[in-house]
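Where a number appears in this text, it was derived from the coordinates with a stated rule and is not lab data. Since the structure is predicted, the reported quantities are computational estimates derived from the model, not experimental observations. Reconstructed Cβ throughout: ideal geometry from the backbone, glycine too, with neighbour counts over all protein chains shown.
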Amino acid sequence: MKNSKPQFDSYYGKPVLKAPVWSPLDIGGYLFLGGLAGASSVLAAGAELTARPGLARAGKVAALGAISASAAALVHDLGKPTRFVNMLRVVKPTSPMSIGSWLLAGYGPAAGVAAATAVTGLFPGIGRAATIGAGLLGPAVASYTAVLISDTATPAWHGGYREMPFVFVGSAATAAAGLGMLAADPAEAGPARRAGLFGAALETVAMHQMRSRLGLVAETHHQGKAGKLLKAAEALTIGGAAVGALLGRRSRLAAAVGGAALLAGSACTRLGIFHAGVQSAEDPKYTVEPQRA
């Protein structure tokens with residue numbers, strides 16, 4: 001008698017894990033915009049130190065706008081602004097959310113001062129110090145959300161905890177690079193084009209490594225909404241980086257096209273990873289089968 005194929009169910013037909021109830025637009029936007037902000041501050045600091053005022057100004061303004069929108073998306077998903085404020089009542093080193101909240105509380109004002117002084121031209125010394133400060137905090141802002149979602153029981157997120165920060169840093173770099181290519185003169189945007197190539201390579205390699213280690217759970221990267229978004233992300237990211245590197249210096253139009261593709265690719269990456277996590281929590285086999293193996 002042949003063995004029947006095992007059925008992956010839980011009591012009363014409910015999933016083993018409770019799927020995240022976060023809004024895809026709120027939390028997906030929070031993940032994307034935080035990465036854009038942090039990497040833009042790094043790019044702006046580099047441009048400031050190498051006398052590229054147009055690229056520096058674009059990065060500072062983008063960082064402030066992105067972190068403000070990211071915080072707004074988080075507060076909207078929390079439901080009440082006081083819930084975010086309450087997270088600042090204590091410092092809990094073992095909690096990524098607690099550390100992330102304090103990180104945002106320090107980074108936001110620095111990004112704000114950097115952008116305000118760049119736009120107004122006032123207090124350049126203070127603005128330069130704020131720019132460097134935001135740049136130093138930028139990598140943590142760009143990557144801490146990877147730790148945040150990996151510190152859950154959601155199979156597609158927790159299973160990729162080693163590679164997720166590298167995926168997020170690569171995605172953040174491509175987003176900031178894309179915005180820099182869109183906003184700055186091509187003559188100043190060399191660092192943005194190089195950041196696009198670096199980010200695309202890092203994200204692609206880290207994603208491949210994560211899928212190899214996820215095993216069965218990697219199916220969620222190729223199915224449903226997650227599959228469509230991540231497939232689009234790969235094409236947009238690699239294509240945007242290539243167009244920017246090959247044609248972006250000589251053509252303003254090519255730089256804009258490559259930059260827009262990189263921004264869109266980064267957004268698709270964050271949303272795709274979000275949906276992959278939801279899909280992995282909804283199907284019991286992604287919890288049961290890895291444990292059996």
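Please list, in order, the residues from segment 95-128 whose amide nitrogen is less than 19 Å from a point placed 7 Å along the Cα→Cβ vector of SER68. Within reach of a label on SER68: 104-123, 127-128. With contacts taken as Cα pairs under 8 Å at a separation of at least 6 residues, segment 142-293 carries a relative contact order of 29 percent.
Averaged over residues, the count of other Cβ atoms within 10 Å places the peptides 211-220, 129-138 in the sequence 129-138, 211-220, highest first.
Going by the alpha-carbon gyration tensor, a ≥ b ≥ c the square roots of its eigenvalues, is segment 195-293 rounded (a/c under 1.5) or, if a/c is not under 1.5, prolate (a/b greater than b/c) versus oblate? Prolate.
Residue pairs exceeding 27 angstrom between C-alpha atoms, taken from LYS231/LYS285; LYS92/LYS285; LYS80/LYS231; LYS60/LYS225; LYS80/LYS228; LYS60/LYS92: LYS92/LYS285; LYS80/LYS231; LYS60/LYS225; LYS80/LYS228; LYS60/LYS92. Applying the Kirkwood pairwise sum to the alpha-carbon positions of segment 30-111 produces a hydrodynamic radius of 13.4 angstrom. Here ARG213 and ALA235 are evaluated by their C-beta separation; at R0 = 22 Å the FRET efficiency comes out at 0.40. Scoring 55-61, 114-120 by mean Cβ neighbours within 10 Å over their residues and listing the highest first yields 55-61, 114-120. For the chain, modelled as a GNM whose springs connect Cα atoms under 10 angstrom apart, the maximal fluctuation among PRO53, PRO24, PRO124 occurs at PRO124. Per-residue Karplus couplings for segment 233-238, computed as 6.51 cos²θ - 1.76 cosθ + 1.60 with θ equal to phi - 60°, are listed in order as 4, 4, 5, 5, 5, 5 Hz, Gly and Pro entered as x. Restricting the calculation to Cα atoms, segment 67-146 yields a radius of gyration followed by a Dmax of 13.9, 41 Å. Relative contact order for the chain: 23 percent, from Cα pairs under 8 Å spaced at least 6 residues apart, divided by residue count. Here the label points at THR50 and VAL205, each 7 Å from Cα along the C-beta direction, are separated by 2.0 nm in the simple model. Please give the net charge around ALA134, taking every other residue with its beta carbon less than 15 angstrom from that of ALA134, where Lys and Arg add +1 and Asp and Glu add -1. Result for the local shell: +2. Over the chain, with a Gaussian network built from C-alpha contacts below 10 Å, which listed residue (ALA235, ALA73, ALA140) shows the highest mean-square fluctuation? With Cα springs under 10 Å in the chain, the top fluctuation among ALA235, ALA73, ALA140 is at ALA235. Oblate is the label for segment 108-216, because the ratio a/c of its alpha-carbon gyration tensor axes (a ≥ b ≥ c) is 1.5 or higher and a/b is not greater than b/c.
If Lys and Arg each add +1 and Asp and Glu each add -1, what is the summed charge of the other residues whose beta carbon sits under 12 Å from the beta carbon of ALA45? Local charge sum for ALA45: +2.
Model label points for ARG162 and LEU136, set 7 angstrom from Cα along the Cα-to-Cβ axis, are 3.2 nm apart. Summed over qualifying helices (DSSP H, 4 residues or more, each -39500 (n - 2.57)) and divided by its residue number, the chain shows a 222 nm mean residue ellipticity of -26000 deg cm²/dmol. Computed extension gain for PHE123 through THR152, at 0.36 nm per residue and net of the alpha carbon distance, reaches 6.1 nm.
The separation of segment 32-79 from segment 232-258, counted between C-alpha centres, amounts to 21 Å. What the Cα atoms of segment 24-286 give is an Rg and a Dmax of 17.9, 59 Å.
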